[in-house]
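What follows is one structure encoded as structure tokens, with my remarks underneath.
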Amino acid sequence: MIGRGLPGGRRIDLVVLGCALALAALGVLFIASATTGTHNEGLAGRQAILIGVGLVAMIAAILFDYRMLLKFSFAIYCVSLLPLVYLLTFGERIANVRSWIRVGKYFQFQPAELAKIATALLVAYLFENEDDARLHASTIFKLGAIVGIPAFLVFLQPDMGLVLTFMPLVFVGLFFGGLPARGWIAIGVIVMMLAGGGWFLLKDYQKARIGTFLNPDSDVLGSGYQVRQSKIAVGSGGFSGKGFRGGTQSQLRFLPVQHTDFILAVIAEEWGFLGVILVLGLFAGLFLRALKLAQTARDRGGVFLILGLTGMMFFSVMINASMMIGLAPTTGIPLPLVSYGGSSIATTFLAIGLILGVEYRRFANA
């Protein structure tokens, strides 16, 4: 086991921690590159402060017994829903959605990010207390309700991209519970039916994004502009890139929201294929190590907590990377630990802390 031994048999896994810190450091570096000389200059320093906040949350999550959090997970879950309800009535509309609550003049907070952590805790508690190894219909119903309520509240904001980030909890839960093949087939049919009916509930800009994904050349100056510029940035980076702050798409501001949703395109342009492999390799190291920690967790709740949190992060990475090269619609899902964003960086480090906390208490008597 690679970890830092501590008194009482506890240990901190250095692979997960090191990969997370390296990704956050790269994020600050490329946020600085993407925003220098713009009205967003200074966001890299703010991101560093937010990383500090996230590290405090991570340390607290490690030190606080996750089993106690599971015990009070229903109360935590209910409290996390309150800001989502508040946003539907009183939330300020920013970029077509009511997803943020402003904190002071410079910061804004996205409650759904914390709701994802609370939902993962409650689902972990659900499986912790399932005595039968078989997956019953009642468990599937509870799982769907636990994940579906916050996801529906986020859908009403409406933020479809953020809704999708809740879904890995359902699939991890069903897989963890041993859903048979016929169950997966039934779910696939239901998802396709809901997707077809859900088209009529989407906003016009959401339909435009899907249409652009299906036909990238249909609106290259409108809804397809971001993806087109991202592809140009990625392609122009080549094998080793144009050098730090040497990218044309990013430095000449052709690439929109480059410090948030399309930060990986900036890395691809400036550090090329090697830079992308470095970032994805760090994520791979983090995820594979987290899965190893799940295998050795001391209880079912710890196993699912790691799998659920890791599944959500993995999904976000895959969608963000696919979005960058046009393999997925533009959804506004950030690259965890790397993209600029206070709520995302703080809650991701909180999730890392919970993962490390399971390992931290594996050999402890208390």
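Only the coordinates and a few stated rules stand behind these numbers; no lab work does. A quick note: this is a predicted structure, and the numbers were derived from the prediction, not measured. Backbone-built Cβ (ideal geometry, glycine too); neighbour counts: all protein chains shown.
For the reader, a short list of remarks on this structure follows.
- Distance (nanometres) between label positions extended 7 Å along Cα→Cβ at ARG102 and ALA75: 3.4
- The stretch 234-366: projected area of the alpha-carbon convex hull, averaged over directions, in nm²: 8.9
- Rough spin-label spacing in nm, given labels placed 7 Å along Cα→Cβ, for TRP184 and VAL257: 3.2
- Loop-located chymotrypsin sites (Phe, Trp or Tyr not before Pro) in the stretch 228-295 whose Cβ has at most 15 other Cβ within 10 Å (DSSP): PHE239, PHE244
- Taking amide H as placed 1.01 Å from N in the peptide plane, PHE107 has no amide H partner under 5 Å among residues 5 or more places away or on another chain.
- Difference of contour (0.36 nm per residue) and Cα-Cα distance, TYR86 to LEU278: 65.1 nm
- Residues in the stretch 342-352 carry Karplus couplings, in order, of x, 5, 5, 5, 5, 6, 5, 5, 4, 5, 4 Hz; the curve used is 6.51 cos²θ - 1.76 cosθ + 1.60 with θ = phi - 60°, and Gly or Pro positions show x.
- The trypsin sites (Lys or Arg not before Pro) of the stretch 27-115 that DSSP puts in a loop, and whose beta carbon has at most 14 other beta carbons within 10 Å, are ARG93, LYS105.
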